Every structure is written in structure tokens, then in C-alpha cells.
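A.B. asks: I'd like to ask some things about the structure below.
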Amino acid sequence: MKFYLTTKSKSKKAIAESNKEFYINSENIKINIHTPYKIIIQEMQKLGIETKSISIDKLNKKLDALLKEEFAGTISSISYEDQMRNYLKFHKKLRVLYLQVNEVLFNLYEYNEKAMPERTKRIFINHIR
């Protein structure tokens with residue numbers, strides 16, 4: 001007998017997993033998906049991302065670009081262990097910010113996959129698996 005998870009139960013599981021993701025910023029504040037938006041906006045501004053009058057999709061694209069840029073930069077510098085340590089630290093920070101942005105996006109559609117546009121639906125499906 002196979003056990004199939006409903007979208008709703010998968011979503012709850014994904015949210016529980018997202019709750020475990022965090023990083024400590026330069027002010028020693030724990031940043032996660034429950035961090036107030038004001039602080040998240042400050043964190044994005046520290047990364048050079050302006051958040052005024054920008055769509056969630058564009059925020060995700062800017063985070064993608066930062067991740068690619070950071071990866072390319074770590075390849076050409078210092079020892080392999082240091083490269084990976086720096087990259088993973090940066091990746092963790094961006095992952096938390098991605099989760100925060102996507103949480104807002106999913107909430108806009110009340111976690112209803114059928115109401116979401118195609119790109120958002122793909123992100124949502126990948127998030128809950």
C-alpha cells in the first residue's frame with residue numbers, strides 16, 4: 001500500500017523544514033522566515049538589492065544572480081576548503097531570503113496551487129517536495 005501526501009500536508013512539512021533554516025547576520029540577529037520584513041529588507045539592501053517597487057519575481061532573479069556571482073567569485077580565490085566554507089555561508093543566507101520571499105508569494109495565493117501562475121506553481125511544487 002502506497003501512502004500519498006496531499007498538497008496541504010506536503011506544504012505543512014515544507015513550512016516546518018523552512019522554519020529550521022536561519023543565519024546570524026552581522027548584528028548577531030537570527031534571520032529566518034519569521035523575521036520582520038523591515039529586517040529582511042535591510043538584509044537585502046546590505047546585499048545591494050533595492051526592494052522598493054520591485055516584484056517578487058524580480059527579487060528572486062536578483063537573488064539568483066547574486067548566488068551565481070558568488071559561486072563564480074569563490075572558484076578563483078583562496079583554498080578549496082575556504083572557498084566552500086565562504087560559498088556555503090553565503091548560500092545559507094540567500095536560501096533564508098529566498099524562503100522569506102517565497103513565503104510571501106505563496107501567501108498571496110493562500111497556498112492554493114490552482115490559483116498560482118505557472119512559474120509560481122513550479123516554485124511552490126518544488127518547495128513542498
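A.B. asks: Mind checking which residues of region 49-68 are over 16 Å from His91 (Cα atoms) and either in contact with a strand residue (DSSP E or B) (Cβ under 8 Å, 6 or more places away or on another chain) or open to solvent by 70 Å² or more (accessible area, probe 1.4 Å) (or both)?
C.D. replies: Glu50, Lys52, Ser53, Lys58, listed by residue number.
A.B. asks: Within region 95-122, can you find the residues that are in contact with a helix residue (DSSP H, G or I) (Cβ under 8 Å, 6 or more places away or on another chain), in contact (Cβ under 8 Å) with a residue 40 or more places away in the chain and closer than 15 Å to Leu63 by Cβ?
C.D. replies: Within region 95-122, Leu97, Leu99, Gln100, Val101, Asn102, Glu103, Val104, Leu105, Arg119 meet the criteria.
A.B. asks: Another one. What are the pairs with Cβ atoms under 6 angstrom where one residue, in region 29-49, is of a type in the set (Val, Ile, Thr) and the other, located anywhere, is open to solvent by 70 Å² or more (accessible area, probe 1.4 Å) and in a helix (DSSP H, G or I)? Sequence gap at least six, or different chains.
C.D. replies: Ile49/Lys62
A.B. asks: Also: Please go through region 7-56 and give me each residue that is under 16 Å from Ile123 (Cα atoms), within 15 Å of the chain's Cα centre (by Cα) and modelled with pLDDT under 85, ordered by number.
C.D. replies: Ala14, Ile15, Glu17, Ser18
A.B. asks: Among the residues of region 25-48 satisfying the criterion of being over 24 Å from Arg119 (Cα atoms) and of a type in the set (A, V, I, L, M, F, W, C), which is least open to solvent (accessible area, probe 1.4 Å)?
C.D. replies: Ile31
A.B. asks: I'm trying to understand the selection: among the residues of region 61-89, which are under 24 Å from Glu27 (Cα atoms) and under 15 Å from the mean Cα position of the chain (by Cα)?
C.D. replies: Lys62, Leu63, Leu66, Leu67, Leu88, Lys89
The values are calculated or read from the model by the stated rules, or taken from the named source; none is laboratory data. Just so we're clear, the structure is a prediction, and the values are computed from it rather than from any experiment. We place every Cβ from the backbone using ideal geometry, glycine too, and count neighbours over all the protein chains shown. Accessible surface is based on the protein model in full, side chains and every heavy atom, while ligands, DNA and RNA are left aside. Shrake-Rupley method; radii C 1.70, N 1.55, O 1.52, S 1.80 Å.
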